[in-house]
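The values are calculated or read from the model by the stated rules, or taken from the named source; none is laboratory data. Given the structure is predicted, the values throughout are model-derived calculations rather than measurements. With ideal geometry, Cβ positions are generated from the backbone for all residues, glycine too; neighbour counts draw on all protein chains shown. To get the accessible areas, we keep the full protein, side chains included, count just its heavy atoms, and leave off ligands, DNA and RNA. Shrake-Rupley method; radii C 1.70, N 1.55, O 1.52, S 1.80 Å.
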Amino acid sequence: MSWQSADDQTGAVVGRRSSGRQMPHCSRPTMAAERKRQGFALDANRRDELVLAAARLFVDKGFAATTTRDIAEAVGMRSGSPFYHFRSKQELLKAAMLAGLDTGQRRLQAAIAGIHDPERRLRVMIRTHLGSLLEGECQAPMLLYESRSLDPAARREVAQLTDSYQQVWQQTLDELASAGRLRRSSPPVRLFLFGLLNWSSQWYKPDGALSLDEIADAAADLLLR
């Protein structure tokens, strides 16, 4: 007794086994489908390039002074091409901030995984934050000063992710205060710490006298008792 695939029922011809039964029809991806898949991958890569280039320019020149032509030229596009991926410059700013915050949070969580001692955790967090800020492509902390250029809905979205990133910092400060290693852990202490760390981007020089390890240790020592 033979069995048929859906294609057999519509008259498609398929191969048969020697027993007389028909093999199920398994079509390979067409060239058009493969080109479409590759196109999606290229679009995603292009989008990432735009976000990274825009973040650099927004930090270097400021959001208001950066034009879409600047961004397009940075990635070898025509001036209007970024609008294929983003509806506006503000949307590109939001994407850059969210991508940077997400990258920073994933790096931080990976760095402190399994560290239970709050002092050791704080030191690793500070060093990781400085590394993301000054050694990598995570421009989000510096871009936060440009959040005023976003609409209220976008600002709320960025603020929500920022609060999520800072949650483990507040928890660690609270643990240190409870253990007597920190005089207080109220939110202004956390905000002061971030202001201190983020401002290092204005004066730190990779070939300067201080290493990031030394800067991180000094920042931790400033807080701890």
message = Looking only at the stretch 71-123, filter to residues that are modelled with pLDDT of 95 or more and among the aliphatic types (A, V, I, L, M); which one of those is farthest from Leu176 (Cα to Cα)?
response = Ala110
ask   = Does the stretch 212-222 include one or more residues that are part of a loop (DSSP other than H, G, I, E, B) and either open to solvent by 30 Å² or more (accessible area, probe 1.4 Å) or free of Cβ contacts under 8 Å to residues at least 60 places away in the same chain (or both)?
value = no
query = Pro206 versus (1) without any contact (Cβ under 8 Å) to a residue 40 or more places away in the chain; (2) not in a helix (DSSP H, G or I): which is the lone unmet condition?
reply = (1)
task = Only helices (runs of 4 or more DSSP H) wholly contained in the stretch 120-199 count here; list those with 3 or more residues that are over 16 Å from Asp102 (Cβ atoms) and either open to solvent by less than 30 Å² (accessible area, probe 1.4 Å) or among the basic types (Lys, Arg) (or both).
result = 152-178, 187-199
